[in-house]
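Visitor: Have a look at this one.
Read the figures in this text as sums done on the coordinates, not as results from a lab. Keep in mind it's a predicted model, so treat the numbers as computed, not measured. Note: ideal-geometry Cβ built from the backbone for every residue, glycine included; neighbour counts use all protein chains shown.
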Amino acid sequence: MLFEPTMQKMQAMKLHGMVEALEEQRRSATTGEMPFEDRLAMLIERQWLWKENRALSTRLKSAKLRQPACLEDVDYRQKRGLQRSVMDHLAGGDWIQHAQNCLITGKTGTGKSYLACALAQKACRDGYRTLYFYAPKLFRELSACQADGSLPSLLKKLAKTQLLVIDDWGLEKATPHQYRDFLEILDDRRGRASTLMTSQLPVDRWHELIGDATVADAILDRLIHGAHRIDLSGEESMRKLRAGKAASRN
């Protein structure tokens, strides 16, 4: 007799996982034979899973990753200098917990963006707030926020992000003012949060890219010191390989 009012109260408290599990228990012919403690444990477990899945969905949506990717699907068969042991270590997430950086470099098509998104997706699964930016778009947003006065708000948002992914760094040269804004982002994150960057340019050319020696020294000091490095090689594009496999399946 109290079932419907109970369900309504659970819905009002947003215990949606427990509601689903209770409905299943009600329809099951065998659940009634279980001890009360076991049934209660099943309800609580379902609510916990529902809450975790919803939180993960929110983190993935907020991260705005460029492409769906996961570490379980990373291809180690192609010769591109990618070591499974390195990826397994990064998958553990200690580098994010200790606010370390990760730099992935290599020619276009070697899978830099996929690896970055896969690591970011794993970070979301591990409960870290993550945000992805295509580097040219980040610099454009910095300029726009500078113009409309919302830069402090953007900097605050980036500072709170536990893993910031910047993809295709160096694809377009930024202005001196944009590089100084980027330095401020890194300064806010230093020792507090992790930054993952991909680039077609080898790291030893980043100083030349930035131009201003003082700003370049400061940026590289905050990025490179203690960073995990993945330098991809290989002549065959991972994009072409995946496209070829998709075509063969069709």
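Visitor: With N set to the number of residues, divide the alpha-carbon radius of gyration of segment 3-62 by 2.2 N^0.38 Å and report two decimals.
Guide: The reported ratio for this selection is 1.26.
Visitor: What percent does the relative contact order of the chain come to when contacts are Cα pairs within less than 8 Å and at least six residues apart?
Guide: 24
Visitor: For segment 52-106, what is the Kirkwood estimate of the hydrodynamic radius, computed as the reciprocal of the mean inverse distance between distinct Cα atoms, to one decimal in Å?
Guide: Computed over segment 52-106, the radius equals 13.6 Å.
Visitor: If you don't mind, there's one more thing I want to ask. Give me the percent of DSSP beta bridges within the chain that run antiparallel, rounded to the nearest 5.
Guide: Here the share of antiparallel DSSP bridges comes out near 0 percent.
Visitor: Can you put Phe36, Phe139 in order, fewest other beta carbons within 10 Å first?
Guide: So the residues, fewest neighbours to most, are Phe36, Phe139.
Visitor: A further question on this structure: Could you please report the charge total around Gln11, scoring K, R as +1 and D, E as -1 over all other residues with beta-carbon less than 13 angstrom from its beta-carbon?
Guide: Overall, the nearby charge balance is -1.
Visitor: Provide the net charge surrounding Arg46, with neighbours chosen by a C-beta distance below 9 Å and charges set as Lys +1, Arg +1, Asp -1, Glu -1.
Guide: Computed value for this residue: -3.
Visitor: Taking the Cβ of Arg229 as the center, what net charge do the other residues with Cβ under 13 Å away carry, scoring Lys and Arg +1 and Asp and Glu -1?
Guide: Spelling it out: positives minus negatives among the neighbours equals -1.
Visitor: Check which residues have an amide H placed less than 5 Å from His228's amide H, if you skip close sequence neighbours.
Guide: It is Asn101, Cys102, Leu103, by chain and number.
Visitor: While we're on this one: From Cα pairs below 8 angstrom and at least 6 apart in sequence, can you work out the relative contact order of segment 159-231, rounded to a whole percent?
Guide: Once divided by the residue count of segment 159-231, the mean separation gives 41 percent.
Visitor: With the convex hull built on the Cα atoms of segment 1-116, state its orientation-averaged projected area in nm².
Guide: That works out to 11.9 nm².
Visitor: If contacts are Cα pairs under 8 angstrom and at least 6 residues apart, what is the relative contact order of segment 1-113 in percent?
Guide: 18
Visitor: Taking the dipole about the Cα centre of segment 39-129, with the C-beta of Lys and Arg at +1 and of Asp and Glu at -1, give me whichever of Tyr76, Ile104, Leu40 is farthest to the positive side.
Guide: Highest projection toward the positive end goes to Ile104.
Visitor: Are there DSSP H segments in the chain that both extend 18 Å or more along their axis (alpha-carbon positions) and score a mean Kyte-Doolittle hydropathy of at least -0.5? List them, or say none.
Guide: 112-125, 135-148
Visitor: Jot down the per residue volume, in cubic angstrom and as a whole number, of the convex hull over the alpha-carbon atoms of the chain.
Guide: Dividing the Cα hull volume of the chain by its residue count gives 195 Å³.
Visitor: Which pairs break 29 Å Cα to Cα here: Lys64/Lys156; Lys14/Lys137; Lys61/Lys156; Lys51/Lys122; Lys14/Lys112?
Guide: Over 29 Å apart, Cα to Cα: Lys14/Lys137; Lys14/Lys112.
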